[in-house]
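In what follows, a structure is listed as structure tokens, so that the remarks can point back to it.
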Amino acid sequence: QVQLVESGGGLVQPGGSLRLSCAALGSAFSIYTMNWYRQAPGKQRELVASIFNNGDTYYTDSFKGRFTISRHNAKNTLYLQMNSLKPEDTAVYYCKATFGTQGYWGKGTLVTVSS
């Protein structure tokens, strides 16, 4: 089992950048596929990006080029670098660890993009 704690959210101006972190508490972080999701107000939760235990990455098309997912296994931490932020990126961002049929969610961190 793993517990996930997101951080790094906050208020940022359009065009700005933020880096989100997700700290994993527990063992065997490196075996998990790690994912970032987001849920905007009034919308369904959507997958932003995934990083597999071999380091391969996947991005939902709408996030390619602006967002970068990475992981540091020795620090048990997942990251999401977000650049050129837009007001429509305003959402709660969640990390999720998956392994087979197991899935663990963090509680999320709020990102607000506004001038």
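The values are calculated or read from the model by the stated rules, or taken from the named source; none is laboratory data. Since the model is a prediction, treat every value here as computed from it, not as a measurement. Note that each Cβ is placed from the backbone with ideal geometry, even for glycine, and that neighbours are counted across all protein chains shown. Accessible surface areas use protein heavy atoms only, side chains included; no ligands, DNA or RNA. Shrake-Rupley method; radii C 1.70, N 1.55, O 1.52, S 1.80 Å.
Before moving on, here are some points about what is shown:
- Residues that are on the phi > 0 side of the Ramachandran plot and in contact (Cβ under 8 Å) with a residue 12 or more places away in the chain within region 37-60 comprise just one, G55.
- A count restricted to region 74-86 and to residues that are farther than 17 Å from N35 by Cβ and open to solvent by 50 Å² or more (accessible area, probe 1.4 Å) stands at 5.
- Answer residue from region 31-70, given it is polar (S, T, N, Q) and open to solvent by 80 Å² or more (accessible area, probe 1.4 Å) and is farthest from W105 (Cα to Cα) among those: N54
- Of S21, S62, all but one fail to be more than 14 Å from the chain's Cα centre (by Cα) and either modelled with pLDDT of 95 or more or over 19 Å from T98 (Cα atoms) (or both); the exception is S62.
- In region 87-115, the residues that are surrounded by 12 or more Cβ atoms within 10 Å (Cβ to Cβ) form Cβ pairs under 8 Å with partners that are in a helix (DSSP H, G or I) and of a type in the set (D, E, K, R), at six or more places apart or across chains, as follows: V111/D89; V113/E88; V113/D89.
- For A28, the conditions (1) in contact with a strand residue (DSSP E or B) (Cβ under 8 Å, 6 or more places away or on another chain); (2) exposed (fewer than 13 other Cβ atoms within 10 Å of the Cβ); (3) at pLDDT below 95 are fulfilled apart from (2).
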